[in-house]
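See structure below.
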Amino acid sequence: MENNSDIYRARHQLPARQVVGPILINSGFRNEDVNRHVGGVRNSQHLLGHAADIRPRDPQQFQRLVDFLKAHNLTDQLLTARSGWLHISWNPFGNPRHDVRIGYYK
C-alpha cells in the first residue's frame, strides 16, 4: 500500500524533476498543531498528507514548474506565491478540481 508521500513523489515530483531539476519541499504533511502555528486553514489538505509547498532549486525554473503542474491531469490545487513557493495538492480518492490560482499568496 502506497502512503500519500509515495503517491506525491510518483505522480507529481518525479515527473516534475525531469522537467525542472531538483525540487525543494518546505512543507508536506502537517499535524493540527503545526498547521495552526503556520496559519493553515482548518480543512488543509496538508492535514491528510495530500499537499506540499514546493519550489524548484533553480528560481529560473519556477514558471516552468508552474506550467508543468497546471497541465498535469492529477493536480487538484495549485496556488502560487510571489516568494517563489507554490502549494500543490492532489486527491487520491476523487477527481482533481484543477483549481489554479496564480499569485494567490502575497
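I need the full set of residues from the stretch 81-106 which are in contact with a helix residue (DSSP H, G or I) (Cβ under 6 Å, 6 or more places away or on another chain) and without any contact (Cβ under 8 Å) to a residue 60 or more places away in the chain, in order please.
84, 89, 100
So, residue 82, is that one of a type in the set (D, E, K, R) and either within 12 Å of the chain's Cα centre (by Cα) or modelled with pLDDT under 90 (or both) or not?
Working: of a type in the set (D, E, K, R): yes; either within 12 Å of the chain's Cα centre (by Cα) or modelled with pLDDT under 90 (or both): yes.
For residue 82, the condition - of a type in the set (D, E, K, R) and either within 12 Å of the chain's Cα centre (by Cα) or modelled with pLDDT under 90 (or both) - is met.
Looking at (1) closer than 18 Å to residue 22 by Cβ; (2) surrounded by 18 or more Cβ atoms within 10 Å (Cβ to Cβ), which is the only condition residue 63 fails?
Among (1) closer than 18 Å to residue 22 by Cβ; (2) surrounded by 18 or more Cβ atoms within 10 Å (Cβ to Cβ), the lone unmet condition for residue 63 is (2).
Going by what's in this entry, would residue 47 be described as of a type in the set (A, V, I, L, M) and modelled with pLDDT of 85 or more? Don't jump to the end; show me each part of the working.
Working: of a type in the set (A, V, I, L, M): yes; modelled with pLDDT of 85 or more: yes.
The answer is yes for residue 47.
Of all residues in the stretch 26-40, which are exposed (fewer than 14 other Cβ atoms within 10 Å of the Cβ) and of a type outside the set (Asp, Glu)? Even if it seems obvious, please write down each step before you answer.
Going through the stretch 26-40, the residues exposed (fewer than 14 other Cβ atoms within 10 Å of the Cβ) turn out to be 26, 31-34, 36-39.
Passing the criteria: 26, 31, 34, 36, 37, 38, 39.
Collect the residues in the stretch 71-80 that are closer than 20 Å to residue 29 by Cβ and either out of contact with any strand residue (DSSP E or B) (no Cβ under 8 Å at 6 or more places or on another chain) or free of Cβ contacts under 8 Å to residues at least 40 places away in the same chain (or both), keeping them in residue-number order. Full working, then the answer.
Initial filter on the stretch 71-80 (closer than 20 Å to residue 29 by Cβ): 74-79.
Across the stretch 71-80, the qualifying residues are 74, 76, 77, 78, 79.
Name the residue, out of 95, 73, 43, that is touching a Pro at 6+ places or on another chain (Cβ under 8 Å) and either surrounded by 18 or more Cβ atoms within 10 Å (Cβ to Cβ) or part of a loop (DSSP other than H, G, I, E, B) (or both).
Numbers: 95 fails: touching a Pro at 6+ places or on another chain (Cβ under 8 Å); 43 fails: touching a Pro at 6+ places or on another chain (Cβ under 8 Å).
The conditions single out 73.
State yes or no: is residue 68 surrounded by 13 or more Cβ atoms within 10 Å (Cβ to Cβ), touching a strand residue (DSSP E or B) at 6+ places or on another chain (Cβ under 9 Å), of a type outside the set (Val, Ile, Thr) and not in a loop (DSSP other than H, G, I, E, B)? Quick ask: steps written out before the conclusion?
Details: surrounded by 13 or more Cβ atoms within 10 Å (Cβ to Cβ): yes; touching a strand residue (DSSP E or B) at 6+ places or on another chain (Cβ under 9 Å): no; of a type outside the set (Val, Ile, Thr): yes; not in a loop (DSSP other than H, G, I, E, B): yes.
It is false that residue 68 is surrounded by 13 or more Cβ atoms within 10 Å (Cβ to Cβ), touching a strand residue (DSSP E or B) at 6+ places or on another chain (Cβ under 9 Å), of a type outside the set (Val, Ile, Thr) and not in a loop (DSSP other than H, G, I, E, B).
Going through the stretch 14-31 one residue at a time, which ones are among the hydrophobic types (A, V, I, L, M, F, W, C) and either in a strand (DSSP E or B) or under 11 Å from residue 56 (Cβ atoms) (or both)? Spell out the reasoning first.
In the first step, residues of the stretch 14-31 are kept if they are among the hydrophobic types (A, V, I, L, M, F, W, C); the result is 14, 16, 19-20, 23-25, 29.
Within the stretch 14-31, 16, 19, 20, 23, 24, 25 meet the criteria.
Give the residue, chosen from 22, 56, that is in contact (Cβ under 8 Å) with a residue 24 or more places away in the chain and surrounded by fewer than 12 Cβ atoms within 10 Å (Cβ to Cβ).
Numbers: 56 fails: surrounded by fewer than 12 Cβ atoms within 10 Å (Cβ to Cβ).
Among 22, 56, only 22 is in contact (Cβ under 8 Å) with a residue 24 or more places away in the chain and surrounded by fewer than 12 Cβ atoms within 10 Å (Cβ to Cβ).
Is the stretch 47-68 home to any residue that is basic (Lys, Arg) and either closer than 14 Å to residue 101 by Cα or touching a Pro at 6+ places or on another chain (Cβ under 7 Å) (or both)?
We begin by selecting, within the stretch 47-68, every residue basic (Lys, Arg); these are 55, 57, 64.
From the residues that got through so far, the ones that are either closer than 14 Å to residue 101 by Cα or touching a Pro at 6+ places or on another chain (Cβ under 7 Å) (or both) too are 57.
Yes, that holds for at least one residue.
The values are calculated or read from the model by the stated rules, or taken from the named source; none is laboratory data. Bear in mind the structure is a predicted one, so any value in this text is a computation, not a measurement. Note that each Cβ is placed from the backbone with ideal geometry, even for glycine, and that neighbours are counted across all protein chains shown.
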